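Since every read-out is calculated from the coordinates, none of them should be taken as a lab result. Values in this document were obtained by computation on a predicted structure and should not be read as measured data. Note: ideal-geometry Cβ built from the backbone for every residue, glycine included; neighbour counts use all protein chains shown.
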Amino acid sequence: MIAQQIINALSQGAYYALFASGLTLIFGVLDILNLAHGAIFMWGALMSWFLMAEMGMGFFPALAISVVACGVIGILLDRAAFKPLRDRAAGHLPPLVSSLAVSFILVNLAERFFGTRVVRFPSDAVPFSGTLELGDVRLPMLQVALMCVSVVLMFALWYMVERTKVGRSIRALQENPDVARLMGVDVERTIAWMFVVASALAGVAGVFLGVAYNSASPYMGHWIDLKGFAVIILGGMGSIPGAVLGGLLIAFAETATVVYLSSDYRDAAAFVVLMAMLLIKPSGLLGSSREVRA
Amino acid sequence: MALLELEGVGRSFGGVRAVNDITTGVEEGGLFGLIGPNGAGKTTLFNLITGLIRPDSGTVSFRGKPLTRRSPEKIAALGISRTYQTIRLFEGMTVRQNVMVGGHLGGRYSLLDAIIGRRGFRDAERDLSDHVDSLLETVDLSARSSDPAGTLSYGEQRRLELARALAARPALLMLDEPAAGMNGREAQDLSTLLRKLVTETGLTILIIEHNMSMIMKLCDRVIVMNSGEKLAEGDPAAVRNDRKVIEAYLGGGHADA
Amino acid sequence: MGDLLQFLASYNYLAYLAALNAILALSVYIMLMAGQLSLASMGFMAIGAYTSALLMINGGMPFAVGLLGAAALAGLIALAIGKPILRLKGVYLAITTVGFSELIRFLALNWDYLGGAMGLNGIPQTTRTWHVFLYLAILIFLFHRLDRSRYGRALRAIGLDETAAKTMGIPTARYKTLAFAASAVMAALAGSFAAHYSFYISPGEYNFSQAVLVLIFAVFGGLGTHWGPVLGAIALTLLPEVFRFLQDWRPIIYGVSVLLVVIFFPGGLVGLFKLMIPGTRRKASPIAGGKDERHGTA
């Protein structure tokens with residue numbers, strides 16, 4: 001029983017980490033909250049559903065196309081909502097609102113293209129349908145696959161940020177944009193790449209969440225945005241390991257709430273943990289303490 | 001009794017003694033210079049006096065009242081105004097609005113007075129408005145009064161910060177490099193203005209400045225700091241000939257002494 | 001005849017909704033004046049709605065007492081939590097206040113006394129449209145007076161450079177807390193009026209989407225004066241009606257309009273009007289991000 005719950009929490013944490021790592025990447029470099037991240041996540045899920053259910057594609061081609069498309073949406077989002085504001089140094093409020101506007105547009109377009117109902121994935125298109133039994137612990141293969149994918153992608157992301165040229169540019173931008181520019185970092189190119197990566201990760205999370213719960217709808221992004229913000233603050237804004245840790249912590253808090261209290265309180269758990277954290281260490285678990293407090 | 005008294009004031013940042021054991025005082029009605037090479041701890045001393053940071057040793061008192069545990073806003077209310085080395089204007093506001101904010105302490109009316117438009121409110125606002133106009137006149141910015149503060153030239157911004165600091169009608173005015181970025185004529189005009197303020201209104205001014213010829217001509221007394229410590233104190237002529245001061249400046253590679 | 005009545009009734013409702021949204025936008029705006037992004041308005045709106053509804057239903061109190069109770073409770077809660085919460089800045093404050101609203105919503109969802117997920121039924125319909133208009137008019141007047149006083153200037157100064165404001169003698173922490181309490185009272189009263197306008201409330205009405213919508217009203221209208229949030233709320237409430245013929249595509253028009261205004265008109269709708277009327281052109285909104293956000297305090 002306990003082992004089963006731990007596995008559930010781990011796979012839930014894996015979703016949160018996938019979703020939140022993109023958010024935290026964008027915040028770390030641009031100091032903005034991207035409120036369209038959940039809408040991109042939703043597009044990933046619905047697009048993969050469309051490709052599988054309506055176009056008869058297999059899971060993997062559908063996953064690949066959806067994720068790439070999410071990356072492209074990410075670039076478009078940056079061009080439409082963030083770049084013009086970045087060019088005139090508009091502060092943190094206008095980007096929040098413009099990304100929200102893009103989110104409206106994305107949700108409405110999804111309603112137009114995919115309909116407003118909750119859709120189900122065709123069972124024959126989804127791989128990993130069995131369960132793995134270890135003693136009395138039953139592991140749906142899908143959960144196992146998601147955890148593996150998360151671990152691999154988090155390592156890939158970590159590798160990209162720490163070891164590659166784009167990653168070095170991202171870190172330079174995070175440190176100091178002016179210095180980065182002087183060092184010859186192509187700022188706009190780096191930011192575009194960052195949006196591709198962040199949005200593709202949201203897409204992966206969307207596809208897997210849609211398939212795992214066997215449901216997707218244009219409104220599935222609303223909640224995850226909020227959760228994502230709780231996760232990245234908890235972990236420390238801008239920190240990718242922090243996003244993983246924060247995602248796991250919130251998933252465990254939620255699971256514990258369901259087990260020991262009631263499933264009614266599940267969604268409050270994230271915010272209770274978050275508030276407690278902000279009172280103790282506002283910069284988050286792995287965050288630096290810059291500019292959190294007055 | 002001195003207007004401002006510092007006794008053994010010190011503050012460390014991560015093991016570095018930014019200000020160490022400073023004991024000095026400033027009497028009412030004069031111009032006092034605070035000089036020293038870059039990194040000597042002058043601005044830190046300003047921040048310690050105005051309450052932006054707290055000393056970890058020693059006491060600061062103003063008119064006999066200890067400042068050490070007071071918040072910046074309480075210290076300002078006692079009559080200390082300041083400007084900043086890195087100009088800190090309210091850039092989204094107009095020139096005039098900046099100075100109006102500076103006069104916040106002068107308006108002795110409550111929010112309720114303002115809402116119901118009581119006479120105390122209207123009188124106070126009219127007085128403040130007149131005061132602001134005359135201050136803008138004083139710093140020669142009347143023509144720019146409705147321009148956004150961010151559009152002013154560097155020298156104009158320095159003058160605006162001065163007017164904003166004066167709007168609170170302080171007893172002690174602390175200026176952090178007010179002539180930085182000004183040309184010779186502007187700096188000359190500033191000197192004239194500061195001297196006039198001291199003689200005409202009895203204001204006391206404490207000034208950090210790198211422009212040595214200005215400090216030497218303008219100040220009644222000069223305090224010299226180096227590496228967080230007080231190096232010398234006295235009238236400009238004495239300080240200029242002090243061996244330790246000369247060494248500090250030459251040792252620090254400064255040619256402007 | 002019946003059609004005409006329905007027409008008028010629906011416009012009556014729209015007018016009410018526009019005014020209500022304007023009030024909520026002002027409750028976000030007073031915090032934005034001080035450079036603080038608070039999304040707690042939905043939480044306080046819920047507090048106001050439930051308080052006055054229960055005072056009337058279970059307490060048998062008159063409407064006026066319900067309103068007073070709502071305002072008092074919201075104000076006291078804001079004063080109590082204001083100081084620790086307002087030490088946080090920028091997006092940290094925003095998310096914490098979202099968390100506050102969510103917790104209030106969970107409380108309403110799970111506390112049987114508050115009706116749980118079913119909400120409260122049978123709330124006396126005591127709100128008249130003119131109540132809401134009068135309330136909005138009073139708020140506009142108060143903002144007008146605030147703007148011309150040292151308190152309004154102080155709030156703006158805090159928003160632009162909190163440290164400099166402190167050394168000007170402005171008690172920044174106290175003013176921020178008071179602005180937070182004012183914002184809470186404004187939202188709570190709006191919540192009461194809304195609850196007693198319909199006849200039923202439920203926790204779902206006070207969610208995150210509503211909170212950000214109110215923020216959009218304010219930014220869309222412009223943050224230079226209090227007319228911005230008022231105009232923004234009215235415009236965005238009426239916009240879907242104007243584009244009724246576009247049917248299901250309306251949210252896109254909504255999104256595109258907001259995007260265009262935010263990107264091309266930093267002063268919002270008010271800024272746009274000022275551009276069109278010669279001679280009134282002044283500088284854009286002062287709330288673009290103060291110095292404290294970029295540089296740490298000295």
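Just a few scattered comments:
- Counting only DSSP beta bridges whose two residues both lie in chain B, roughly 55 percent are antiparallel.
- Percent antiparallel among DSSP beta bridges (both partners in the protein assembly as shown, rounded to 5): 65
- Maximal additional length on extending the B:A238-B:V16 stretch stands at 76.9 nm, based on 0.36 nm per residue less the C-alpha distance.
- Net +/- balance of residues flanking A:V258 in space, Cβ distance below 11 Å, scoring K and R +1, D and E -1: -2
- Helical mean residue ellipticity (222 nm; -39500 (n - 2.57) per DSSP H run of 4+; nearest 500) of chain A: -23500 deg cm²/dmol
- Interchain or long-range residues, amide H under 5 Å from A:L132's placed H: A:L139, A:M141
- Sites B:T86 and C:D3, calculated FRET efficiency, Cβ-Cβ separation with R0 51 Å, nearest 0.05: 0.15
- For region B:201-208, 3J(HN,Hα) computed residue by residue from phi via the Karplus equation (6.51, -1.76, 1.60; θ = phi - 60°) reads 10, x, 5, 10, 10, 10, 10, 9 Hz, glycine and proline entered as x.
- Largest GNM mean-square fluctuation across B:G33, B:G107, B:G117, computed for chain B with C-alpha springs under 10 Å, falls on B:G117.
- Largest-first principal axis extents of the Cα set of the protein assembly as shown (Å): 94, 70, 52
- A simple spin-label model places the labels of A:V118 and B:Y154 6.4 nm from each other, with each point 7 Å out along Cα-to-Cβ.
- The residues packed around C:F106, meaning those with a beta-carbon under 15 Å from its beta-carbon, carry a net charge of -3 if Lys and Arg are +1 and Asp and Glu are -1.
- Zone of A:R189's modelled label, taken as backbone nitrogen in region A:156-170 under 16 Å from a point 7 Å along Cα→Cβ: A:164-170
- Other residues whose C-beta falls under 15 angstrom from the C-beta of B:G30 contribute a net charge of -3, scoring Lys and Arg +1 and Asp and Glu -1.
- Sorted fewest first by neighbouring Cβ atoms within 10 angstrom, C:I23, C:I81, B:I246 come out as B:I246, C:I81, C:I23.
- Where trypsin sites (Lys or Arg not before Pro) fall in DSSP loop in region A:69-99, at most 13 other Cβ within 10 Å: A:R88
- Couplings 3J(HN,Hα) for region C:72-83, derived from phi with the Karplus relation 6.51 cos²θ - 1.76 cosθ + 1.60 (θ = phi - 60°), are 5, 5, 4, x, 5, 4, 4, 5, 5, 8, x, 5 Hz, where x marks Gly and Pro.
- For B:M174, residues with placed amide H under 5 Å, excluding near neighbours: B:S81, B:R82, B:T83, B:L206
- Estimated vicinal HN-Hα couplings, Hz - region C:266-273 in sequence order (Karplus 6.51, -1.76, 1.60; Gly, Pro = x): x, x, x, 4, 4, x, 5, 4
- Rg(Cα)/(2.2 N^0.38 Å) for chain A, N = residue count: 0.99
- Each Lys and Arg adds +1 at its Cβ and each Asp and Glu adds -1 at its Cβ; summed about the Cα centre, chain C shows a dipole of about 1220 debye.
- Sites C:W130 and C:V65 - FRET efficiency at Förster radius 25 Å, r taken between beta-carbons, to 0.05: 0.80
- Selection of GluC sites (Glu not before Pro), region B:12-91, meeting DSSP coil and at most 16 other Cβ within 10 Å: B:E27, B:E28
- Its residue count N sets the reference 2.2 N^0.38 Å, and the alpha-carbon radius of gyration of chain B equals 1.04 times that reference.
- Among the residues of B:92-102, the average count of other protein chain beta-carbon atoms within 10 Å of the residue beta-carbon is 5.
- Taking every alpha-carbon pair within chain C, the share separated by more than 26 Å comes to 46 percent.
- Spatially near lysine pairs across chain C, Cα under 28 Å, sequence gap of 8 or more or different chains: 15
- Projecting label points 7 angstrom from Cα along Cα→Cβ for C:N12 and C:L272 puts them 3.1 nm apart.
- In this simple spin-label model, placing a label point 7 Å from the Cα along the Cα-to-Cβ direction at both B:T138 and B:K65 gives a separation of 2.1 nm.
- Convex hull per residue volume in Å³, alpha carbons only, for region B:91-153: 86
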